[in-house]
Number of protein chains: 2
Amino acid sequence: MDRFEEKTLTSTTLYEGKVISLRVEEVELPDGKWAKRELVDHPGAVAILPITNDGKIVFVEQYRKALNRSLVEIPAGKIEPGESKEITAIRELEEETGYRSDQFTYLQSFATSPGFANEIIHLYIARGLEKVEKPAEGDEDEFIHLIECTIEEAEQMLVDERIYDAKTAFAVLFAKNLLKQ
Amino acid sequence: MDRFEEKTLTSTTLYEGKVISLRVEEVELPDGKWAKRELVDHPGAVAILPITNDGKIVFVEQYRKALNRSLVEIPAGKIEPGESKEITAIRELEEETGYRSDQFTYLQSFATSPGFANEIIHLYIARGLEKVEKPAEGDEDEFIHLIECTIEEAEQMLVDERIYDAKTAFAVLFAKNLLKQ
């Protein structure tokens, strides 16, 4: 697992924020030379591909300041300190969509930007969705619009770039294989 | 495209690095309240899904300091200033794999971490690969091990988490649909 390992020589934290932190490290390369690595620390996140009983996918549309536009994404959220991934999945699904599920299936984990960040997203499928009467509320700085659509409509949103992030692109491809079999 | 738009009130650059920069912004939310956004600027990247004439996929294994492990990924690299995406694709394919192609097909673009970064990856398929006798060399701090394998072997690497990043997971799913049709 550690081909071409880079040894940390110095590590300097330049910023500690609410969501991310920034570290700059000097590393020793396999040939003995030094290089600088700029690294973003992130607590990790869980994303959920929610599939309704009639085979539709539940998405959330929200504004993403980093891109200065809104995106249609599968529900997702940061893992809170001390929280298990399964609890994050249940919590975020309810907060963002108002749905509860007792049928979560773990699908895949992936690093989003391995060149500079340690963020890992853990992806689950949720089936057997039921609407909650008074769902738990999410972060007060999150404004979310709910979209439920067929896999064909989701594929069109990917072509139109309304869906435009890697985890959701992966989820749509996966759902296509799952729902069109 | 701008549902729930967040207006920038203040923007402070905290770090300007070689690969990424860090900005903190205060924004006005749709309900008039303020929130803080921690944003990483990245120049964007191109990734290539290279498929050989005998239907194998070309991967590169490299150490990723952010994750303290090596990953098997499709070839990819940052867009250099003034460079078109197509030129980045041709350059990175040759530097990282020693292959040239005159059959690039644009596939998809996606944001990797829309919650905190503006990095966009533009994904191409490359076919008609030919080995270059003396390929252009890449960054001197990059150490790369080449892997050519079947789609079945790639799927197994995804299960085993040797493949563990979102762009490569997406590419493997896409290649599966393409090569198994």
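The values are calculated or read from the model by the stated rules, or taken from the named source; none is laboratory data. Computed from a prediction, not measured in an experiment: that's the story for all the values here. Glycine also receives a Cβ, built like all others from the backbone with ideal geometry; neighbour counts cover every protein chain displayed. Accessible surface areas use protein heavy atoms only, side chains included; no ligands, DNA or RNA. Shrake-Rupley method; radii C 1.70, N 1.55, O 1.52, S 1.80 Å.
A few notes on this one:
- Any chance residue B:114 is within 12 Å of chain A (Cβ to nearest Cβ) and either part of a strand (DSSP E or B) or surrounded by 15 or more Cβ atoms within 10 Å (Cβ to Cβ) (or both): yes
- Qualifying position, being in contact with a His (Cβ under 8 Å, 6 or more places away or on another chain) and open to solvent by less than 50 Å² (accessible area, probe 1.4 Å), among B:44, B:32: B:44
- Checked against (1) more than 11 Å from chain A (Cβ to nearest Cβ); (2) more than 30 Å from residue A:8 (Cα to Cα); (3) in contact with a Gly (Cβ under 9 Å, 6 or more places away or on another chain), residue B:46 passes all but a single condition, namely (2).
- Comparison of A:120, A:125, A:79, A:87 shows that the only residue that is touching a Gly at 6+ places or on another chain (Cβ under 7 Å) and either within 27 Å of residue B:46 (Cβ to Cβ) or more than 14 Å from chain B (Cβ to nearest Cβ) (or both) is A:120.
- Residues of region B:117-131 satisfying the condition of being in a strand (DSSP E or B) and under 14 Å from residue B:48 (Cα atoms): B:120, B:121, B:122, B:123, B:124, B:125, B:126, B:127
- Odd one out for residue B:102 among (1) farther than 20 Å from residue A:118 by Cβ; (2) within 8 Å of chain A (Cβ to nearest Cβ): (2)
- Filter result (charged (D, E, K, R), open to solvent by 80 Å² or more (accessible area, probe 1.4 Å) and not in a helix (DSSP H, G or I)) within region A:77-108: A:100, A:102
- Cross-chain or 6+ apart pairs with Cβ under 7 Å, region A:134-163 first and farther than 18 Å from residue A:180 by Cβ, then of a type outside the set (Lys, Arg) and open to solvent by 40 Å² or more (accessible area, probe 1.4 Å): A:135/A:95; A:136/A:95; A:137/A:95; A:138/A:95; A:143/B:4; A:143/B:30
- Residues satisfying the criterion are present in region B:160-178 (criterion: at the interface with another protein chain (Cβ under 9 Å from one of its Cβ atoms), more than 28 Å from residue A:34 (Cα to Cα) and open to solvent by 60 Å² or more (accessible area, probe 1.4 Å)).
- Selection status of residue B:6, crowded, with 19+ Cβ neighbours inside 10 Å, farther than 30 Å from residue B:136 by Cα and within 11 Å of chain A (Cβ to nearest Cβ): yes
- For region B:59-73, the condition of being out of contact with any His (no Cβ under 7 Å at 6 or more places or on another chain), away from chain A (no Cβ under 12 Å) and not aromatic (Phe, Trp, Tyr) holds for none of the residues.
- Residue count for region A:9-33 satisfying the condition of being within 7 Å of chain B (Cβ to nearest Cβ) and either in contact with a Cys (Cβ under 8 Å, 6 or more places away or on another chain) or small (Gly, Ala, Ser) (or both): 1.
- Single condition residue A:53 does not satisfy, out of (1) under 30 Å from residue B:16 (Cβ atoms); (2) not in a strand (DSSP E or B): (1)
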